[in-house]
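> My questions all concern the structure below.
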Amino acid sequence: MLNASLKELSAALAQRKISSVELTRLFLERVEKLNGSLNAFITVDAEKSLAQARAADERIVKGATQPLTGIPVAHKDIFVTRSWLTTCGSRILSNFVSPYDAHVIERFNGAGAVILGKTNMDEFAMGSSSETSFYGPVKNPWGQAYVPGGSSGGSAAAVAARMAPAATGTDTGGSIRQPAALSGVSGLKPTYGLVSRYGMIAFASSLDQGGPLAKSAEDLALLLNAMAGFDARDSTSVERVAEDYRRELDKPLAGLRIGVPKEHFGEGLAGDVGRAVEAALEEFEKLGAKRVPIGLPNSGLSVPAYYVIAPAEASSNLSRFDGVRYGHRAKEYRDLADMYRRTRAEGFGAEVRRRILIGTYVLSHGYYDAYYLKAQKIRRLIANDFVEAFKRCDVVVGPTSPTVAFKIGAKAADPVQMYLNDIYTIPANLAGLPGMSIPCGFGRDNLPVGLHIVGNYFSEAKMLNVAHQYQKATDWHKREPAGIQP
Amino acid sequence: MNWEIVIGLEAHVQLSTASKMFSGGSTAFGAPPNTQANAVDIALPGVLPVANKGAVERAIRFGLAVGGEKLINRRSVFARKNYFYPDLPKGYQISQYELPIVKGGEIRILTKSGEKAIRLTRAHLEEDAGKSLHEAFQDMSGIDLNRAGVPLLEIVSEPDMRSAEEAVAYARALHFLVVEEIEICDGNMQEGSFRCDANVSVRRPGGALGTRAEIKNLNSFRFLERAIEFDAKRQIEILEGGGKIVQETRLYDPDRDETRSLRTKEEAHDYRYFPDPDLPPLVVKGEWIRQVKDAMPESLRERHKRIVFYGVAAQKADLHIASRTSSTFALSTFAGAPKEEVPTLSNWILGPLSAKLNEENLDIRDSKVSPDQLKELSKRVADGTISATAATSVVLPALWEKEGPVDEIIERRGLKQISDAGAIEKIVDRVLASNAKQVEDYRAGKEKAFNSLVGQVMKETQGKANPAQVNEILKRKLTD
């Protein structure tokens, strides 16, 4: 059961081979056993989960089921959940209980899924290692000395360690795809606007996008069916006809044009990762796809542009955490300014403070044009690179991350090294394109390597087809970390 | 040497939508603190703004009224103005910065020195902040977020005004436009629905613009006038004493009738404006503008024409269009009334009815006498059932007190005129017999004596005799 696909779990529930309560209990026990060492979850509340599971079982008895009814799903602690703590990995929200559910949570609740718990993450999703959480670092199930990637590291680790059959994440510069790669699971960041951001605590509004993490592309398709959809409460949500993202899964790949950007195979790419990706490309050729060399000439500018735009938006988005209405407030202060200063100094960790400072700086009078406006121009150039690329190919494929997982603490003192982790994933966010990562082998120290697939706008079904066909031909996604020590 | 005062105004006009600029929260005034602030208004984690269509349409109306379709930007951008204050829940205000919804336009004003056009720089949509209450709590401040997110249209003028009088005339004209003409604001200044910031500077006539002071939050025409007068005088005194004006924000204190410095330019915030990534650019298509245009209320100029067409003198029609509601009342009164009765109806509205409304401090839309009742009443005067005097002095007040339908009141109060010639003749004979002296005087050429005789007849009939008939019968009898 721990290794079963969502389709299998759904069938088992429908055939009453297992109840939702039993299934939920099974995963809760797994969480209880492993969370002490992996720290993938911030909040677990068995009673609440089991109450939902009981309701799901009643639905199953009545036959009023949807594909996810009764299936436990772990949610990144960035999605607000009524009556659950929602911390965003931060001390400043360490006491926050939302009075409303995020749109994504509403969708899962509506589908009859069970909330398994809230997963650990980099504070306010700012990080690529899940080390900046106020609740301590998440450990990589493939080796506990290593980071699981971030910021959705808790979700990735939970799926990798089979503590959850599926999880949600958010991706601003790679926060679903990079942890999926480093933890050996599949993750999808949809086209910007496909999944509502309502109730998803904002980091950088123009880049943030929610998406699923799971063991396979097929599972991702099922999860995306539940998550995607227009929401009038998010003005950037895209109004389009609902689609079944499973519909193209079984299409053969013959004739598929795979764009291979030379910029993603140059300096900085570790040999072990490069070799695994090359092997994957060869696998695709065996499946009938052909390689098309492409260029993304402006992708070298993506990290600097991202580290202007994302902190700029974050500095403003995080202003609401001021200790006035909710969240942490300093115990003692002299006056209003001192209250703000102490509350935010105590409430935010170092990385969040750094990004707020950068963002405040780039938006300041006299600097705005040189930084923010210029970064927006670069953003358009990067989007145009992809427009050109997609004239010649159907998907762009490369490594998700330049290296396999690194040791906890290894990059904590060097933010720029940390930021370079997302060099291949950031362009998709800047362009608003969908991107995904699937396991494609192992590198140094038997750590997983992720394959990055970027598609054109709203081509999620095609990307899932590409990934699923690859997963039918390989078994990297079925490998699980051995010997996790409780 | 004399000085010239230069004034530009920024008016904050609260738009009369039921819900807020970016949320479904209610905008109703006066609810208990924080009962009209929803998740979006209090900026809970994860909430997002959605622009209010009604507010955008009101801004379009304004653009159409001050210059037409060409003033409306087909693409405008919401921006964040960042600063920390407890009554600003998000830590930023959503406003429009580089691309406002309306650019340019003008407002015409009338002062002692004649008509003048005041140019507008722009008008942009934004949300209001909440309210901080510092007095009611010891060592603490209270925050009321009911007002947070209420939609505002900020209307910025060019520095085209040259006196406090002109500034007040502009503010009044603008107030009239938004409240009465295009109905986008309720105009209640006590409740803060219309407030002004004044930019004031002085210079030698023809010289370069001087350094300005911005006086914030003037919520009455009187305060606006006083604040400008005080500050211009203050600036002139500084300059004449050899000093320099510092650019600063000032507050007007009505209790002391003076302005005080709030912060100087050096202390000013850096608002770090940038386009709000939660809101796509506001796109206004021509089709939408046309829809808004079609739904615009009839202009009061147009209504004036119609009122005159009904038969009211132009100068009196001016009074009927003093407000949207009074023009509506007048038009529904005149509609369907016989043309010859319209002047009387107009006089009733402007005279006795207005007096009643003033007395009870009511807007004409809340009048206790309806246009239809006025028409029924004028019919009864026209057909001779009652006298005009009885109509205004007895029936109108009775209608106001809701004593019942016109005919019932006439009946119950016994106001019906005596129009029976035989009956009047008998009374006239009696009066003539007992007033021999007046009869003699009249015949000797004293016209006044006739009036006295009429009065006697009316007194005998308790005012119910038809005056025209009394005159006629008396004349006939006296010349016999």
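FYI, it's all coordinate maths here, none of it is from the lab. Quick caveat: nothing in here was measured; it's all calculated off a predicted structure. Glycine gets a Cβ as well: all are built from the backbone with ideal geometry, and neighbour counts include every protein chain shown.
> Taking neighbour counts of Cβ atoms within 10 Å as a proxy for exposure, in what order, fewest first, do B:Trp348, A:Trp142, B:Trp3 appear?
With the fewest neighbours first, B:Trp348, A:Trp142, B:Trp3 line up as B:Trp3, B:Trp348, A:Trp142.
> While we're looking at this one, here's another question. What number, rounded to the nearest 500 deg cm²/dmol, is the helix-based mean residue ellipticity at 222 nm of the protein assembly as shown, given -39500 (n - 2.57) per DSSP H run of at least four residues and division by all its residues?
Values: 31 runs with 348 residues, N = 966.
For the protein assembly as shown, the value works out to -11000 deg cm²/dmol.
> In 5 Å bins starting at zero, report the fraction of Cα pairs in the stretch B:350-466 per bin as a rounded %.
2, 11, 18, 16, 14, 11, 10, 8, 6, 3, 1, 0
> Using a simple spin-label model with points 7 Å from Cα along the Cα→Cβ vector, what separation in nm is obtained for B:Glu472 and A:Asn446?
Here the modelled spin labels are 12.4 nm apart.
> Using the Kirkwood formula over every pair of different C-alpha atoms, what hydrodynamic radius in Å results for chain A? Please list the in-between numbers first.
Working: mean 1/r = 0.0453 Å⁻¹.
For chain A, inverting the mean 1/r across all distinct Cα pairs yields 22.1 Å.
> Once you have the alpha carbon radius of gyration of chain B, what is it after dividing by 2.2 N^0.38 Å, with N set to its residue count? Before the final figure, lay out each step's value.
Details: Rg = 30.8 Å, N = 480, 2.2 N^0.38 = 23.0 Å.
Taking the Cα Rg and dividing by 2.2 N^0.38 Å, one obtains 1.34.
> Next question, about the same structure. Just the Kirkwood number for the stretch A:1-111, please: inverse of mean 1/r across all distinct Cα pairs, in Å, one decimal. All intermediate terms of the calculation are to be shown ahead of the outcome.
On the way: mean 1/r = 0.0673 Å⁻¹.
In the stretch A:1-111 this quantity evaluates to 14.9 Å.
> Applying the Karplus parametrisation 6.51 cos²θ - 1.76 cosθ + 1.60 with θ = phi - 60° to the phi angles of the stretch B:63-74, what ³J(HN,Hα) value in whole Hz is obtained for each residue in order, glycine and proline being reported as x?
x, 5, 6, 9, x, x, 3, 5, 7, 8, 5, 5
> Which of the three applies to the stretch A:136-289, rounded, prolate or oblate, going by the alpha-carbon gyration tensor with a ≥ b ≥ c and a/c under 1.5 meaning rounded? Working shown, then result.
Values: a/c = 1.61, a/b = 1.15, b/c = 1.40.
Oblate, since a/c reaches 1.5 and b/c is not below a/b.
> Please report, for the Cα atoms of the stretch B:49-113, the Rg to one decimal and the Dmax as a whole number; what are they, in angstrom?
Here Rg and the maximum Cα pair distance are 15.4, 47 Å.
> Write down the radius of gyration of the stretch A:6-256 and its Dmax, each obtained from C-alpha positions, in Å.
Reported Rg and Dmax, both Å: 16.7, 54.
> Using alpha carbons only, how many angstrom separate the centre of the stretch A:107-160 from the centre of the stretch B:207-283?
For the stretch A:107-160 versus the stretch B:207-283, the Cα centre distance is 51 Å.
> Using 26 Å as the Cα-Cα cut-off, could you pick out the over-long pairs in B:Lys339/B:Lys475; A:Lys262/A:Lys286; B:Lys70/B:Lys131?
Details: B:Lys339/B:Lys475 31 Å; A:Lys262/A:Lys286 21 Å; B:Lys70/B:Lys131 37 Å.
Check vs 26 Å cut-off fails for B:Lys339/B:Lys475; B:Lys70/B:Lys131.
> Once the mean 1/r over all distinct Cα pairs of the protein assembly as shown is inverted, what Kirkwood radius in angstroms do you read off? Write down the numbers at each step before the final one.
On the way: mean 1/r = 0.0301 Å⁻¹.
Taking every pair of different Cα atoms in the protein assembly as shown, averaging 1/r and inverting gives 33.2 Å.
> For the stretch B:4-290, what D do you get in µm² per second when you plug the Kirkwood radius from alpha-carbon pairs into Stokes-Einstein at 20 °C and 1.002 mPa s?
Working: Rh = 19.8 Å.
Estimated via Stokes-Einstein, D reaches 108 µm²/s.
> Now a separate question. Output the pairs from A:Lys62/A:Lys251; B:Lys305/B:Lys375; A:Lys118/A:Lys189 with a Cα-Cα distance over 24 Å in this structure; if there are none, say none.
Working: A:Lys62/A:Lys251 35 Å; B:Lys305/B:Lys375 21 Å; A:Lys118/A:Lys189 19 Å.
Pairs exceeding the cut-off: A:Lys62/A:Lys251.
> Would you kindly compute the Cα radius of gyration of the stretch B:358-422 and its largest Cα-Cα separation (Dmax), both in Å?
Rg, Dmax (Cα atoms, Å): 12.7, 47.
> Compute, for the protein assembly as shown, the length of the dipole vector about the Cα centre, with Cβ point charges of +1 (Lys, Arg) and -1 (Asp, Glu) only. Units Debye, rounded to 20. Before the final figure, lay out the partial values.
On the way: 123 positive and 119 negative charges, 217 e Å.
Computed charge dipole of the protein assembly as shown: roughly 1040 debye.
> Now for a separate question. Test of understanding: ordering B:Cys185, A:Cys440, A:Cys88, A:Cys393 by Cβ neighbours within 10 Å, fewest first, what list do you get?
Least to most surrounded, the residues fall as A:Cys393, B:Cys185, A:Cys440, A:Cys88.
> With a/c under 1.5 counting as rounded, go ahead and sort the stretch A:392-486 into rounded, prolate or oblate using the C-alpha gyration tensor (a ≥ b ≥ c being the square roots of the eigenvalues; past the cut-off, prolate if a/b is larger than b/c, else oblate). Don't skip to the answer; put the middle values down first.
Numbers: a/c = 2.66, a/b = 1.21, b/c = 2.19.
Note, shape of the stretch A:392-486 comes out oblate.
> Next up: Quick one: Debye curve from the alpha-carbon atoms of the stretch B:300-412 only, equal weights, vacuum; give me log10 I(q)/I(0) at q = 0.13, 0.21 Å⁻¹ to two decimals.
-0.44, -1.14
> Shifting gears a bit: Taking only C-alpha pairs under 8 Å that are 6+ residues apart, what is the relative contact order of the stretch B:224-321 in percent?
Working: 52 pairs, mean separation 15.3, N = 98.
Relative CO of the stretch B:224-321 lands at 16 percent.
> Eigenvalues of the Cα gyration tensor times 5, then square-rooted: what semi-axes does that give for the stretch B:421-479, in whole angstrom, largest first? Could you put the intermediate results ahead of the total?
Working: eigenvalues 61, 23, 22 Å².
Taking √(5λ) for each Cα gyration eigenvalue gives 17, 11, 10 Å.
> Kindly put B:Asp407, A:Asp231, B:Asp87 in sequence by how many other C-beta atoms sit within 10 Å of each C-beta, fewest to most.
Numbers: B:Asp407 15, A:Asp231 22, B:Asp87 18.
With the sparsest Cβ surroundings first, the list reads B:Asp407, B:Asp87, A:Asp231.
> Could you pull the Cα extents of the stretch B:81-137 along its three principal axes, largest to smallest, in whole Å?
Ordered largest first, the stretch B:81-137 gives principal extents of 50, 32, 12 Å.
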